[in-house]
Amino acid sequence: MKDYIDKFAFIKLKTMDDHFFRFCARAGCGKLIPPYKNGNTHYCSDECYDENKRIAAAEAGRKRAHQLILVRNDDTLDELFALYQSKFYISAKLLIDRGFNWDIHSGETVINGLVAKNLIRYGYTLFTNQTVQLWKL
């Protein structure tokens, strides 16, 4: 979810004498940017700028962490796929012992009538009896 507004998304309103009212680009602020501020600024104050920068950095950190977990999960499936391929059902304990994160995946695909969770190069289907089938995408 995007909690901040892109730095170029500030609003200008034209007045009758060709001056513009500029509003702060930080989500939830909406104050006027003072006329003495540089024409390229998108924020009404340094506090709004810092807050927007903090939110953007936190969002980038979350995305980076998600991608790292996705790569680690994919490497785990690569290791197990080399041993078992998709012919065999394996125990979910093998994945748990390797620190597999079940919440992180990049999407879902239907393979042979089964819903598989996609990673990068591999996918998996977790069955109710705690067995897993691996798929190469």
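The condition of being small (Gly, Ala, Ser) and modelled with pLDDT under 90 holds for only one of GLY107, GLY61, GLY28, that being GLY28.
A quick yes/no check of all residues on (1) hydroxyl-bearing (Ser, Thr, Tyr); (2) in contact with a strand residue (DSSP E or B) (Cβ under 6 Å, 6 or more places away or on another chain):
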position: CYS29; (1), (2): no, no
position: THR76; (1), (2): yes, no
position: ILE96; (1), (2): no, no
position: GLY107; (1), (2): no, yes
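Annotation note: Cβ proximity below 7 Å between a residue of the range 34-45 that is on the phi > 0 side of the Ramachandran plot and a residue that is surrounded by fewer than 16 Cβ atoms within 10 Å (Cβ to Cβ) and not aliphatic (A, V, I, L, M) (sequence gap 6+ or interchain) occurs for no pair.
The values are calculated or read from the model by the stated rules, or taken from the named source; none is laboratory data. In this text the structure is predicted, and so the values were computed from the model without any measurement. For neighbour counting, all protein chains shown are included, and Cβ atoms are generated from backbone atoms with ideal geometry for every residue, glycine included.
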